[in-house]
Every structure is written in structure tokens, then in C-alpha cells.
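Participant: Sending over a structure as C-alpha cells; questions will come in a sec.
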Amino acid sequence: MGSPLEQVKDFLEFTLTPSPIVFIVGIAFVLLFPFLLHWAIARGSGYATLPSVLLLGPSGAGKTSLVTLLERRGPRPSQTHTTQVVHSVELAVADDPSKPPNYRDDLDQSESTASKFLLVDTPGHGKLRGAALDRLHRLAGVATAGDKNKKSKSKEASKLKAVVFLADAAALADQDELSATAAYLYDVLLVLQKRIGTGTGSRHPASVPVLVAANKADLFTALPPALVKSHLEAELSRIRRTRSKALLDSGVGTEDVDAAGAGEQDDWLGEFGTDKFTFDQLKEVVEVEVIGGNIVGEGPGVDKWWAWIADKL
Ligand SMILES: Nc1nc2c(ncn2[C@@H]2O[C@H](COP(=O)(O)OP(=O)(O)OP(=O)(O)O)[C@@H](O)[C@H]2O)c(=O)[nH]1
Ligand SMILES: [Mg+2]
């Protein structure tokens, strides 16, 4: 029993003298520390485990406006600008089968239990869209073209519960806007269709449903949901024809017809060889629903979209 200084000296002498115990404890600590750290972080963040709903759609469709509305549980004047990065917010729906889900409910105050999920806002601008498609690939567990590494099927895969594709129903009467929107939707649906093919053997990943949210129903120029659907189907048919023709014209030799045919089939959305595309052709792999609504102004609001999301969680 010496002074504190001597105790420190004894301790240092003990730890610094080569001894098997100190050596083994040291090695074990060095080897286990990274695992413990990873475990602590993964557990603490909760982000590794929450189901996700991905918001996609062209720029100006209203994705950020929707996230803001749902996050604040009510309309409040908000300024939105072009989204630059992928951004997630944590939301919750009540697990109460007795009444319809309502995004205005404050679940922290209520007694009922709630299911939490992440709503992921993405940039819709053409130049920034890569980030959105990357996130879709990652969440869907589909490797991107440049990423052949099987490891990319991260833990995030299978956390994707649904995709909400926002479209500006008031702008869809314009042919350019319709083409741009349909081209984006084509890419999204193709990823989800390919995803079903990635399962080994009979174990297919669960299919991810898509809601085409026809936004801005408050504007008198807005197309009704039935027209949004038929316009999109017609445009998707056209895109499919153009793309398959481009693939055939791209100088794939006739001797490779079999190989080329297989490649073409991979990039073909819906029933192979059909002339007209319909969302119905996807029903085995991706269930698509078109519902109208609006985030600002007078109209049906977002209640039906919220109920759709709640149903898919
Ligand atoms: N009239 C009307 N305008 C809306 C509605 N929803 C959104 N807007 C407006 O549409 C504009 C674009 O909305 P954002 O939410 O920024 O669009 P975004 O999809 O996030 O666009 P990016 O971030 O560029 O991909 C904003 O000025 C909104 O106020 C709606 O239901 N009706
Ligand atoms: Mg935005």
C-alpha cells in the first residue's frame, strides 16, 4: 500500500512487464474492438433496421413538399428548392386497425403503438438523378452496371417496402414533360423487375409495390388519375419500342442472336414481345397503382397516399 504515485508505478510495471495474461488480453482487445464498435454504432443508429419508402420522380413534382408536409403533420408555408442530396426523415404510422391512418396524428402523444419507417427524399433533377437511382439499386439489392461485386447486396436490401413515384399531373399534358416522366418511371420499374430475377432458386425477394402519385390535383389543368395512367402506359410503350430498336441497331452481330435476345429480354419492361405496355403486365413482379392527390391548395389531399404507404409497411 503506497502512495497513489507508487500505485501507478506498480500498475505500469505490471502491465509493461511481458506476461501472458496482459498479452492475451491485449490481443483480444485489438481483435474485438472493431466488431464491438460496429455493433454499438449499428444498434444505436436504428437506421440499419428501419423499413424504407423511397420517393422518386422528376424535378418539381413535389417530393420535398410531401416530405415537409408529412414531417410537420400539417401544411405550413414552406420554401422548397431543387433537392441536391438524398435525405431521409423518420415517420410513423399508428398500428391501430380500428381507424384509418392519419398523417396528422401525433403518435408521440397518443397511446397506440406505431410502426416507424424512413421516407427517403431524392433529387429529381436529371443531372442529380444518379444519386436517386443509386439509392434505389442499393435498397432493392440490385447491383448497378459498374458494380458487379456481389457484396453490394448489403443489409439495406429487403428494407425497401415501397416506392412512391411522384408526378406532376398538371404538367403531363405537355408531351416533353410526359416523355421525361415516363423515361424515369421506365428506369425505376426496370430495376424493380430485374430485382425479382436476382433471387437464387425459388427464393425470390418480396416484390416492391409502386404508387404513382399524380400530384397537383388542385390545379384545373391536372389530368385525372385514369388519364395519367393511360398517358403513361402509352408513353412507356413508345419508350420500350425505341429502346429495343436501338439495342438491335447497336451492331450486335446476327450470329449472337441468342445472346442478344437474352440481353434484350432483360431490358424489356413487362410481357416480352407485346406491342402495348400496360401496368397489368407487371402485376406478378411489381404492383403499380395510380392515385391522384395534392400537397398544397384545395383538393383530395394526401390521405389516400398515406393510407397506401401504411398498407405496404
Ligand atoms: N399547385 C401545387 N403545387 C405544388 C403541389 N405540390 C408541390 N407543389 C409545388 O411544386 C414545386 C416543386 O416542389 P418540390 O417539392 O420542391 O419538388 P421536388 O419533387 O422536391 O423537386 P426536386 O427536388 O427538384 O426533385 C413547389 O413550388 C411546390 O410548392 C401541389 O399539390 N399543388
Ligand atoms: Mg426536392
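Values in this text are rule-based calculations from the coordinates and carry no lab data. Bear in mind that the values here come from a model prediction, so they are computed numbers and not experimental data. Neighbour counts run over all protein chains shown; Cβ positions are idealised from the backbone, glycine included.
Participant: Could you list Ile21, Ile291, Ile41 so that the one with the fewest beta carbons within 10 Å of its beta carbon is first and the one with the most is last? Spell out each step's value before the answer.
Facilitator: Details: Ile21 8, Ile291 19, Ile41 11.
With the sparsest Cβ surroundings first, the list reads Ile21, Ile41, Ile291.
Participant: Got a sec? How would Trp306, Trp39, Trp268 order by Cβ neighbour count within 10 Å, fewest to most?
Facilitator: So the ranking, lowest neighbour count to highest, is Trp39, Trp268, Trp306.
Participant: Say the cut-off is 22 Å between C-alpha atoms; which of Lys194/Lys216; Lys63/Lys216; Lys127/Lys283; Lys116/Lys312; Lys161/Lys245 go over it?
Facilitator: Pairs exceeding 22 Å: Lys194/Lys216; Lys127/Lys283; Lys161/Lys245.
Participant: What length, rounded to one decimal in nm, is gained on full extension from Lys276 through to Leu32, with 0.36 nm per residue of separation minus their alpha-carbon distance?
Facilitator: On the way: separation 244, 0.36 × 244 = 87.84 nm, distance 5.79 nm.
Gain in length upon complete extension: 82.0 nm.
Participant: Could you tell me what % of all Cα pairs in the stretch 1-45 have separations over 16 Å?
Facilitator: 58 percent
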